[in-house]
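**Student:** Structure in structure tokens, see below.
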Amino acid sequence: MDDLSQVFDHIDRNRESFLDRLFDYVKRPSISARGIGIAETAEFLSDLLKRIGLESEILPTAGWPMVLGRRTENPDLPTVLLYGHYDVQPPDPLEAWVTPPFEPTIRDGRIYARGIGDNKGQHFANLLAIESILACHGRLPCNVIVLLEGEEEIGSPHIAEFIREHKDRLKADLAITSDGLVHESGRPCVMFGVRGVAVFELRAKGARRDVHSGNFGGIVPNPLWRLVHLLASMKNEQGEITIDGFYDDVLPPTPMEREALDALRYDVEKIKQELGLSDLDAPIDRSIADRLSVWPTLTINGLHGGYGGEGPKTVLPCEAIAKCDIRLVHDQSRDDIFAKVEAHVRKHAPDVEFVPLGGMEPSKTPLESPFTEPLRQAIVDAQGQEPLLVPALGGTLPDYVFTRILGIPSFVVPYANHDEANHAPNENLEVERFFSGIRTGVAILTRLGAMSL
């Protein structure tokens, strides 16, 4: 498209400036779990949105604030809501970083910094796309709303309430999030949903205090054994989750989803080698693409109780805790799954306490959406590659607030390399993927603006 070449040239001419500005953003700590740098970063972003040509304001929530930007070119044009989050994970352990986490550094073609891939570098690319179009053409091809959250890394506890409260101000035709990873092959992706998550604890108690395992073993109930047996009743060796009704709302993929899943190839041997595994989890005949998109999971995140220090201590613990999560697929709901888990606990171990800790609903947009083809074309325009269509991201984002509350289709278009090490030390983003993200953002807005709604 002729409109793109001029903007792409502008991006190429401003590579050094764009990198400097990205570094200025990423070096600002904004750790939601600790309340560090949140207010300052929100102010920085609000000022940035105004400078690039958007109306902008900081809106409070019961937790950390939202940054909302808007530019309306013509009410008859499509309106695109661009979501991102400005908060980042804590950088610990600091000693595992090669260079300090908030001092962005380029090594071997990659930018290393906390938040560079998750999610600052990715949504900053979309902001620079908006700026670049305006610099070249003086107007945008569509209307845009920018929503930047400050609590995604702590589970987005207030975004649903915020979306409901400001529903009239967030009216859009679709939402786009640039977060997550491209396919392990390096090919770009369009993701049509995310899995949800339900997080809970199981708490078992025994005696009033820890006791001697010789004097009281076989007499005093062991809460760790109680949890072990309970957990074993929830999932069998074939990988099947055995909670009554757990799979009731798990639907088979549509024909179009089946075709898309079959096109997602993963190098199983490479994955096992990189992770030091001899086998994948059961069921062994289920493809990786299916596991990540259309099947729920039950994970024991941690099992705690008794003595875990160096050397022996023959103690019988007085309490034990299991921390678990369930990844939900579309048509499952957090509250329904919580109810089924609680019923299972009451049936198999009624003296164990079930403690729901919250979570997030799954989300899904049909692959048959009218926006699929413009998004596909935009990625080809910007990257010269056909994107893979992914029915759902394996992880979780607050995507449901767009599909379930705003009632609009929502898509995830990731820009980050597959090995970005998000949430880990030495998080990174390939330099060229950052610039590819800016070009892709330009192409997406241009293609969507050309649609007739």
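Nothing in this text is a laboratory measurement; each read-out follows from the coordinates by a stated rule. In this text the structure is predicted, and so the values were computed from the model without any measurement. For neighbour counting, all protein chains shown are included, and Cβ atoms are generated from backbone atoms with ideal geometry for every residue, glycine included.
**Student:** In debye to the nearest 20, how big a dipole does segment 100-220 give about its Cα centre with +1 on each Lys and Arg Cβ and -1 on each Asp and Glu Cβ? Write out the running numbers ahead of the final one.
**Tutor:** Numbers: 15 positive and 16 negative charges, 66 e Å.
Using Cβ point charges on Lys, Arg, Asp and Glu, segment 100-220 gives about 320 debye.
**Student:** Another one. Along the charge dipole of the chain, Cβ charges K/R +1 and D/E -1, which of ILE326, ILE52, LEU202 sits furthest on the positive end?
**Tutor:** The residue sitting farthest along the positive end of the dipole is LEU202.
**Student:** While we're on this one: Give me a comma-separated list of calculated 3J(HN,Hα) values for segment 287-300, in order, Karplus coefficients 6.51, -1.76, 1.60 applied at θ = phi - 60°, integers in Hz, x for any Gly or Pro.
**Tutor:** Once θ is set to phi - 60°, the couplings for segment 287-300 become 5, 5, 4, 5, 4, 7, 10, 10, 10, x, 9, 10, 10, 8 Hz.
**Student:** THR72 to TRP225: FRET efficiency via 1/(1 + (r/R0)^6), r the Cβ-Cβ distance, R0 60 Å, to the nearest 0.05?
**Tutor:** Working: r = 62 Å, r/R0 = 1.04.
Efficiency, from the Cβ-Cβ distance: 0.45.
**Student:** Right, here's the next one. Could you put GLU237, GLU373 in order, starting from the residue whose Cβ has the fewest other Cβ atoms within 10 Å?
**Tutor:** GLU237, GLU373
**Student:** Just want the answer: with Cβ charges of +1 for Lys and Arg and -1 for Asp and Glu, which residue in GLY384, PRO350, ILE438 is farthest toward the dipole's positive end in segment 330-438?
**Tutor:** PRO350
**Student:** About the Cα centre of segment 64-155, how large is the charge dipole given +1 on each Lys and Arg Cβ and -1 on each Asp and Glu Cβ? Please answer in debye to the nearest 20.
**Tutor:** For segment 64-155, the charge dipole is close to 420 debye.
**Student:** Still on this structure, I have one more. Counting alpha carbon pairs within less than 8 Å and at least 6 residues apart, what relative contact order, in whole percent, applies to the chain?
**Tutor:** 26 percent
**Student:** So which trypsin sites (Lys or Arg not before Pro) in segment 193-300 pass both tests, a DSSP loop state and at most 10 other Cβ atoms within 10 Å of the Cβ?
**Tutor:** Here the sparse-neighbourhood loop sites are ARG208, ARG209.
**Student:** Something else: Kindly state, to the nearest 0.05, the FRET efficiency for SER233 paired with HIS166, given R0 = 51 Å and r defined as their beta-carbon distance.
**Tutor:** Details: r = 44 Å, r/R0 = 0.87.
The calculated FRET efficiency here is 0.70.
**Student:** Could the peptides 141-147, 58-64 be put in order, highest first, of the mean number of other beta-carbon atoms found within 10 Å of their residues?
**Tutor:** Numbers: 141-147: 24.4, 58-64: 15.3.
Final packing ranking: 141-147, 58-64.
**Student:** Got a sec? Charge dipole of segment 130-258, +1 on Cβ for Lys and Arg, -1 for Asp and Glu; which of PHE216, LEU230, HIS183 is way out at the positive end?
**Tutor:** Of the options given, the answer is PHE216.
**Student:** Measuring from label point to label point, each 7 Å out along Cα→Cβ, what is the ALA450 to GLU103 span in nm?
**Tutor:** For the pair ALA450/GLU103, the computed spacing is 4.6 nm.
**Student:** Where does the charge balance sit around PRO29 when Lys and Arg score +1, Asp and Glu -1, over other residues with C-beta under 12 Å from its C-beta? Present the calculation step by step, with values, prior to reporting the outcome.
**Tutor:** Working: positive: LYS27, ARG28, ARG34, ARG114, LYS120; negative: GLU40, ASP87, GLU103.
So the surrounding residues net to +2.
**Student:** What is the Cα centroid distance between segment 354-403 and segment 213-241, reported in whole angstrom?
**Tutor:** Between the Cα centres of segment 354-403 and segment 213-241 lies a distance of 39 Å.
**Student:** Quick one, could you list the DSSP H helices from the chain stretching 27 Å or more along their long axis (Cα atoms) with average Kyte-Doolittle hydropathy of 0.5 or above?
**Tutor:** 431-449
**Student:** While we're here: Can you tell me the dipole magnitude for segment 351-432 around its Cα centre, using point charges on the Cβ only (Lys, Arg +1; Asp, Glu -1), in Debye to the nearest 20?
**Tutor:** Its charge dipole is roughly 360 debye.
**Student:** Could I ask something else about it? Based on the mean of other Cβ atoms within 10 Å per residue, sort peptides 440-446, 240-246 so the most packed one is first.
**Tutor:** Answer by packing, highest mean first, reads 440-446, 240-246.
**Student:** Please give the Cα centre distance for segment 72-122 versus segment 166-187, rounded to the nearest Å.
**Tutor:** 15 Å
**Student:** Here is a further query. Could you list which residues have their amide H under 5 Å from that of GLY196, counting only those 5 or more apart in sequence or on another chain, with H placed in the peptide plane?
**Tutor:** LEU328, VAL329, SER363
**Student:** Give, as ranges by residue number, the residues of segment 218-249 whose backbone N falls under 14 Å from the point 7 Å along Cα→Cβ of VAL355.
**Tutor:** Counting backbone N atoms under 14 Å from the label point, the list is empty.
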